[in-house]
Amino acid sequence: AFIEQSYAALEAFENRKLKDTYVAVYVDGKYMSGSQFLIAVGVNTQGEKKILGFRESTGESSESITELYRDILNRGFKFQIGFLLVVDGAKGWQKAAYEVFGNSVVIQRCWIHKLRNVMGHLGEKESPNWETRLKDAHNNFEYEDAKNGLKLIAQELESITLSASKSLLEGLEEILTLHCL
């Protein structure tokens, strides 16, 4: 009885109509019990976060993600002029977004993912200093100040580890999308 009721509840959740208008969507892939799930969480015009949908998948391929986006659209996902899509570094999210939403989507790379990626290239001894500097540079309100600060840090990182420098510069413009807006 539990399995039947939970299956019915899950099916109702997955097929529910989306009635709100959204300004942003956060997407990511998460592993749970040996399976990967693609998850989309929307932020509506009232600032509320709501799960838009999810898909079990073998990876973050653009084909699986496209299915998720199309499902959300088919269930009534609405936005006004466009919306902000917050993604990690996986290219499948962006490719599928442009395919499904076209010019209505603006991409913002997740700063937390980027920070973790850069810090993963540094030793524990150096990490606290660099993390503070990276956060300070990124927290500059003005686009040019943030961009120049991050580029300066990337130059300094080159002498320590080229991989950290390259990681920081990869997708730099998309990390600063909100600064531009």
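The values are calculated or read from the model by the stated rules, or taken from the named source; none is laboratory data. Note that the coordinates shown come from a computational prediction; the quantities given were computed from them, not determined experimentally. No Cβ is skipped: glycine too gets one built from the backbone with ideal geometry, and neighbour counts run over all protein chains shown. SASA here: full protein model, heavy atoms, side chains in, ligands and nucleic acids out. Shrake-Rupley method; radii C 1.70, N 1.55, O 1.52, S 1.80 Å.
Compute the length gained on full extension between T58 and E11: take 0.36 nm times their separation in residues and subtract their Cα-Cα distance, giving the result in nm to one decimal. Kindly include the intermediate steps, with their values, before the conclusion.
Values: separation 47, 0.36 × 47 = 16.92 nm, distance 2.08 nm.
In short, 14.8 nm is gained.
Is the shape of the stretch 141-181 rounded, prolate or oblate, going by the alpha carbon gyration tensor and its root eigenvalues a ≥ b ≥ c, with a/c under 1.5 for rounded and a/b larger than b/c for prolate? Display every interim value, and only then the final one.
Working: a/c = 4.73, a/b = 1.93, b/c = 2.45.
Oblate is the answer for the stretch 141-181, as a/c is 1.5 or above yet b/c matches or exceeds a/b.
Using packing as a proxy for protection, rank 119-128, 38-47 so that the peptide with the highest average count of other Cβ atoms within 10 Å comes first. Intermediate results must be reported in sequence, preceding the final value.
On the way: 119-128: 12.9, 38-47: 16.9.
The densest-packed peptide leads the list: 38-47, 119-128.
Expressed as an acute angle from 0 to 90° and rounded to the nearest 10, what is the orientation of the C-alpha long axis of helix 91-101 relative to the principal long axis of the chain?
Once rounded, one gets 50 degrees.
Answer with a single label: of [x] 10, 38, 37, 12, 3, 0; [y] 9, 35, 34, 17, 4, 0; [z] 9, 31, 30, 20, 7, 2, 0, which was calculated as P(r) over Cα pairs in 10 Å bins from 0, in percent from the structure in view?
[z]
Probe radius 1.4 Å, ligands and nucleic acids ignored: give me the carbon and sulfur share of the accessible area of the chain as a rounded percent. Write down the numbers at each step before the final one.
Values: 5620 of 10440 Å².
With neighbouring chains kept in place, the figure for the chain is 54 percent.
When Lys and Arg each count +1 and Asp and Glu each count -1, what net charge do the other residues less than 15 Å away from E144, Cβ to Cβ, add up to?
Values: positive: K147, K151; negative: E142, D145, E173.
Residues close to E144 contribute a combined charge of -1.
Rounded, prolate or oblate: pick one for the stretch 1-97, where a ≥ b ≥ c are the square roots of the eigenvalues of its C-alpha gyration tensor, a/c under 1.5 means rounded, and failing that, prolate if a/b is larger than b/c, else oblate.
Numbers: a/c = 1.96, a/b = 1.16, b/c = 1.69.
Judged from the Cα gyration tensor, the stretch 1-97 comes out oblate (a/c at least 1.5, b/c at or above a/b).
If you count only protein heavy atoms with a 1.4 Å probe, what accessible area per residue comes out for the chain, rounded to a whole Å²? Intermediate values should be presented prior to the final figure.
Values: 10440 Å² over 181 residues.
Accessible area per residue: 58 Å².
What ³J(HN,Hα) values, in whole Hz, does the Karplus curve 6.51 cos²θ - 1.76 cosθ + 1.60 give for the stretch 171-181 when θ = phi - 60°, with x put for Gly and Pro?
In residue order, the calculated couplings are x, 4, 4, 6, 5, 9, 4, 5, 4, 5, 5 Hz.
If I fit a long axis through the Cα atoms of helix 2-15 and take the longest principal axis of the Cα atoms of the chain, what angle between them do I get, 0 to 90°, rounded to 10?
Between helix and principal axis, roughly 70 degrees.
Is the shape of the stretch 56-96 best called rounded, prolate or oblate, per the rule: a/c under 1.5 gives rounded, else a/b larger than b/c gives prolate, else oblate, with a ≥ b ≥ c the square roots of the Cα gyration tensor eigenvalues? Walk me through the intermediate numbers first.
Values: a/c = 2.84, a/b = 1.38, b/c = 2.06.
Since a/c reaches 1.5 but b/c is at least a/b, the shape of the stretch 56-96 is classed as oblate.
Could you tell me how many degrees, from 0 to 90 and to the nearest 10, lie between the Cα long axis of helix 62-74 and the main elongation axis, the longest principal axis, of the Cα atoms of the chain?
Compared with the principal axis, the helix lies near 50 degrees.
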